[in-house]
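The values are calculated or read from the model by the stated rules, or taken from the named source; none is laboratory data. Just so you know, these numbers come straight off a predicted model, no measurement behind them. A quick note on method: Cβ atoms are made from the backbone with ideal geometry, for glycine too, and the neighbour counts reach across all protein chains shown. In case anyone asks, the SASA skips ligands and DNA or RNA and just uses the protein heavy atoms, side chains included. Shrake-Rupley method; radii C 1.70, N 1.55, O 1.52, S 1.80 Å.
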Amino acid sequence: MGLIKAAVGAAGGVLADQWKEFFYCDSLDKEVLAVKGQKRVSGRSSNTKGNDNIITNGSGISVSDGQCMIIVDQGKIVEYCAEPGVFTYDASTEPSVFSGSFGESLKETFKTIGKRFTYGGDTAKDQRVYYFNTKELLDNKFGTQNPIQFKVRDDEINLNLTIGIRCNGVYSYRISNPLLFYTNVCGNISDEYRREELDSTLKSEFLGALQPALGKLSAKKMDYTEIPMYTLELADEMNAFLSSKWSGLRGLSIVSIGINSVTASEEDVKKIQRLQEATAMGSNAFAMAGRLTNAQAQAMEDAANNPNGAMAGFMGMGMAQQAGGMNNIGNLYNMGVEQQSRTQPQAPTANAWKCSCGATATGNFCPECGAKKPARDGSWTCSCGAVNKGRFCTNCGAKKPEGSPLYRCDKCGWEPEDPKNPPKFCPNCGDPFNENDIR
């Protein structure tokens, strides 16, 4: 037995006269997952009193978009079709399946479940047609009643803290394998199978898989407030954790997840803020000094407004000062100056010179390589960059410029590339060029 597409199998309209019944399914409501096919018997049919669970050879079967149809014979799935169109049921042909957009997965499942089940030619048969809603099933709301553990990581401040978060939103799923759904969920229904019969189970399992899925996102070192931006990754992780129960057992898969909000407890938020602030303060002495200065000013204001008298308030400030809390402000500012001096480039020292190894020296010898400070020996720098002592450049053969003074900074030893057009100020140390720089 098999299915023949009507457009292919019809030969001159003769086949149309041989159709005994016509099975169809109206548009499936979003709340209906599966339904038994209805038999529409035309006035031309000679089988007007046929059994509802018998499919006469030559019957027509219609499949619409967003649907998948299966034929069950003696309790076994013998045909399926997920391709829209009208088909003819022909018991003389081999099973012919149309997988539509479902690809090879239905074919492999069909082989696993098994083909037709014969009844020895007896007339006592039970044949049924079922339709499945394969559209995306939307608006499945979820919310975490209890906090979910989420690890917050921040390498910049060396933060590794586990907090509890709550989130809510919606998800959508679809029947991705109707054969598994029929076999393991709704098999042999007499009328229809609705979402409400399965929703509570799916929601419970969805929330159970949300914890490890969020753990995978946490391992990528993202902040919990960034979770709504990674809903695609979250859907992939959820499908991975639910694959055994949803995909492998029921033929369901998650399509999308929408996160409305992700919140942490007020206590956890303050804890993170304190750690971030402490780290920022600890790396900046000026920030710490400013914080203490503001605290001191606030303490003085509170002391002046002390209901027990300003004197009592200032006595408390004196005790804090003796403990060393307020005397540290000056030390912190000094630490800030030292930090700033280490990070900011130093201005060239007078009489500094640059060694060939790249180090800057102030004495007669380089502190890095020990090279001696170049003497003013009448050397000159050619326009090509070579340093020469004779009348011609040893690199390009250019003649030594005549009639123009040659300059070298008397502070750092810098020499201009063009001895004829020296700058007004040394670009290395800022010293102005004058007659002391002529060599």
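Identify, please: which residue in the range 187-242 is farther than 16 Å from Gly169 by Cα and among the aromatic types (Phe, Trp, Tyr) and is, among those, surrounded by the fewest Cβ atoms within 10 Å (Cβ to Cβ)?
Among those that are farther than 16 Å from Gly169 by Cα and among the aromatic types (Phe, Trp, Tyr), it is Phe241.
Pairs, please: C-beta under 8 Å, at least 6 apart or cross-chain, first residue of a type in the set (Phe, Trp, Tyr) and in the range 211-238, second outside any helix (DSSP H, G or I)?
So the pair list comes out as Tyr224/Phe150; Tyr224/Val152; Tyr224/Ile163; Tyr224/Ile165; Tyr224/Val262; Tyr224/Ala264; Tyr230/Met222.
For the range 387-411, name all the residues that are modelled with pLDDT under 75 and of a type in the set (A, V, I, L, M, F, W, C).
Of everything in the range 387-411, just one residue is modelled with pLDDT under 75 and of a type in the set (A, V, I, L, M, F, W, C), namely Leu406.
Step by step: first the residues of the range 357-371, then only those that are open to solvent by 80 Å² or more (accessible area, probe 1.4 Å) and at pLDDT below 75, then the one that is nearest to Cys393 (Cα to Cα). Which residue is that?
Filtering first and then ranking leaves Asn364.
Mind checking whether some residue in the range 111-126 is touching a strand residue (DSSP E or B) at 6+ places or on another chain (Cβ under 7 Å), outside any loop (DSSP other than H, G, I, E, B), hydrophobic (A, V, I, L, M, F, W, C) and modelled with pLDDT under 70?
So far as the range 111-126 goes, yes, one or more of its residues are touching a strand residue (DSSP E or B) at 6+ places or on another chain (Cβ under 7 Å), outside any loop (DSSP other than H, G, I, E, B), hydrophobic (A, V, I, L, M, F, W, C) and modelled with pLDDT under 70.
Kindly indicate whether Pro95 is surrounded by fewer than 17 Cβ atoms within 10 Å (Cβ to Cβ), at pLDDT 85 or above and out of contact with any Leu (no Cβ under 7 Å at 6 or more places or on another chain). Give the steps one after another, and end with the answer.
Details: surrounded by fewer than 17 Cβ atoms within 10 Å (Cβ to Cβ): yes; at pLDDT 85 or above: no; out of contact with any Leu (no Cβ under 7 Å at 6 or more places or on another chain): yes.
Answer is no for this residue.
Mind listing whichever residues of the range 28-53 are modelled with pLDDT of 60 or more, farther than 30 Å from Tyr173 by Cβ, surrounded by fewer than 17 Cβ atoms within 10 Å (Cβ to Cβ) and in contact with a strand residue (DSSP E or B) (Cβ under 7 Å, 6 or more places away or on another chain)?
Arg40, Asp52, Asn53
Within the range 71-87, can one find any residue that is in contact with a helix residue (DSSP H, G or I) (Cβ under 7 Å, 6 or more places away or on another chain), in a loop (DSSP other than H, G, I, E, B), modelled with pLDDT of 65 or more and of a type in the set (Asp, Glu)?
Checking the range 71-87: at least one residue is in contact with a helix residue (DSSP H, G or I) (Cβ under 7 Å, 6 or more places away or on another chain), in a loop (DSSP other than H, G, I, E, B), modelled with pLDDT of 65 or more and of a type in the set (Asp, Glu).
With respect to Lys245, is the statement that it is open to solvent by 70 Å² or more (accessible area, probe 1.4 Å) and without any contact (Cβ under 8 Å) to a residue 24 or more places away in the chain true?
On the way: open to solvent by 70 Å² or more (accessible area, probe 1.4 Å): yes; without any contact (Cβ under 8 Å) to a residue 24 or more places away in the chain: no.
So Lys245 fails the test.
Could you identify the single residue in Ser64, Ser105 that is at pLDDT 85 or above, of a type outside the set (Val, Ile, Thr) and surrounded by 14 or more Cβ atoms within 10 Å (Cβ to Cβ)? Show your work before the answer.
On the way: Ser105 fails: at pLDDT 85 or above.
Being at pLDDT 85 or above, of a type outside the set (Val, Ile, Thr) and surrounded by 14 or more Cβ atoms within 10 Å (Cβ to Cβ) holds for just one of Ser64, Ser105, which is Ser64.
Based on what the data block shows, is Lys203 more than 17 Å from the chain's Cα centre (by Cα) and farther than 30 Å from Ile71 by Cβ?
It is true that Lys203 is more than 17 Å from the chain's Cα centre (by Cα) and farther than 30 Å from Ile71 by Cβ.
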